[in-house]
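The next block holds one structure in the form of structure tokens; read it before the comments.
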Amino acid sequence: MDPTTDNAGYTGDAGAARASLEALRAEIAKAVVGQDPAVTGLVVALLCRGHVLLEGVPGVAKTLLVRALASALELDTKRVQFTPDLMPSDITGSLVFDARTAEFSFQPGPVFTNLLLADEINRTPPKTQSSLLEAMEERQVTVDGTARPLPEPFLVAATQNPVEYEGTYPLPEAQLDRFLLKLTIPLPSREDEINVLTRHSEGFNPRDLRAAGIRPVAGPADLEAARDAVTKTAVSPEITGYVVDICRATRESPSLTLGVSPRGATALLATARAWAWLTCRDYVIPDDVKALALPTLRHRIQLRPEAEMEGVTADSVINAILAHVPVPR
């Protein structure tokens, strides 16, 4: 079949990939109610080969969201419940002595998957948290001097509770910066919550996604075609300058002790390109940058203590910067 061209100028393969990824919303909605922004954020992260930090109170379907995404994308997924006694080898794997062969063999840990759900990552000590750094950045695990590549695609979706700090270990800035996006999972609206309860009363079982009707609507081939198309999304010098100006403004904000690094600027440009492609454009506009600024930057800045006492939040600082940085025309 000859490839056709869609309305953004891409070949049919890219257009089909976009349609498949857009179908994820409807498929995941069979299990998760009212979390379209989080679904979109996870898709953007997959397109950018990034990782996601999900923040929300217990019981807002963070785990279910990740499991539903993996099922709809036909990806392998594993879940690790982070606890204070979790060891790095519990995540990465370890060498195990085989008495039959009198040799050590490597037993892969749960990180060897496509979509790793790191549940309550801030409940484990920094040593175990840092065991994910190499996997997230290099997409490999080194055990006993041997580097072992991780499957492709690979995404870490880590969750944390924003209201319970007793017995937790805040993520260090270096690790926070490795997450492409920080998505906040809000409590559902009254209508959505009624929908959730109605589904459960009708027999919905969150542990059986197949019974809920979730079927694979996209796969690794669609994801690879989409990633290739995203890299062809045009970025003008004016947009590049706009991204840089936003990030530089965070470094000069009187409310912050830490602004966005160049890695954060690169991340914002990447997520804006992915969003532009998802909205059927082959070029980036300022609105794409604005749309992804909060989830891409909110975890990369650090508030001054006096600003926090006055009720200033990371989101309010970023919104103020977006309102003052000149928008290219």
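The values are calculated or read from the model by the stated rules, or taken from the named source; none is laboratory data. None of these values were measured; they are calculated from a predicted model. Note that we place each Cβ from the backbone using ideal geometry, even for glycine, and neighbour counts take in every protein chain shown. To get the accessible areas, we keep the full protein, side chains included, count just its heavy atoms, and leave off ligands, DNA and RNA. Shrake-Rupley method; radii C 1.70, N 1.55, O 1.52, S 1.80 Å.
Beta bridges from DSSP with both residues in the chain: antiparallel share about 40 percent, rounded to the nearest 5. When the charge dipole of the stretch 145-227 is built from unit charges on Cβ atoms (+1 for Lys and Arg, -1 for Asp and Glu) and taken about the Cα centre, the candidate among A225, L176, N161 whose Cα reaches farthest toward its positive end is A225.
Taking only the alpha-carbon atoms of the chain, what semi-axes of the equivalent ellipsoid follow from 5 times the gyration tensor eigenvalues under a square root, in whole Å, largest first? Largest first, the chain gives 30, 27, 23 Å. Estimated from helical segments only, the mean residue ellipticity of the chain at 222 nm is -13000 deg cm²/dmol, where each DSSP H run of four or more residues counts as -39500 (n - 2.57). Heavy-atom accessible area for E238, with the other protein chains in place and a 1.4 Å probe, reaches approximately 100 Å². Accessible surface of the chain, 1.4 Å probe: 54 percent of it comes from carbon and sulfur atoms. Just check the stretch 59-99 against the gyration tensor rule for me: Cα atoms, a ≥ b ≥ c as the square roots of the eigenvalues, rounded for a/c under 1.5, and otherwise prolate or oblate depending on whether a/b exceeds b/c. Cα axes put the stretch 59-99 in the oblate bin. Sorted into 5 angstrom bins from 0, the C-alpha pair distances of the stretch 34-172 split as 2, 10, 19, 21, 19, 14, 8, 4, 2, 1, 0 percent.
Given their separation in residues at 0.36 nm each and the Cα-Cα distance between them, N161 and N195 gain 9.8 nm when the chain is fully extended.
With Rh defined as the Kirkwood radius, the inverse of the mean 1/r over Cα pairs, the Rg/Rh of the stretch 231-329 is 1.00. Taking 0.36 nm per residue of separation and subtracting the current Cα-Cα distance, fully stretching the chain between R79 and A29 would add 15.9 nm.
Multiplying the residue separation of R210 and R100 by 0.36 nm and subtracting their alpha-carbon distance yields 35.6 nm. Which net charge results when you count Lys and Arg as +1 and Asp and Glu as -1 among the other residues whose beta-carbon is under 12 Å from that of L132? Neighbourhood net charge equals -1. Per-residue SASA remark: L75, around 20 Å² accessible (1.4 Å probe; ligands, DNA and RNA not included). Each distinct pair of alpha carbons in the stretch 63-140 adds a 1/r term; the inverse of their mean, the Kirkwood radius, is 13.7 Å. For the pair the stretch 270-285 / the stretch 171-214, the C-alpha centres are spaced 25 Å from each other.
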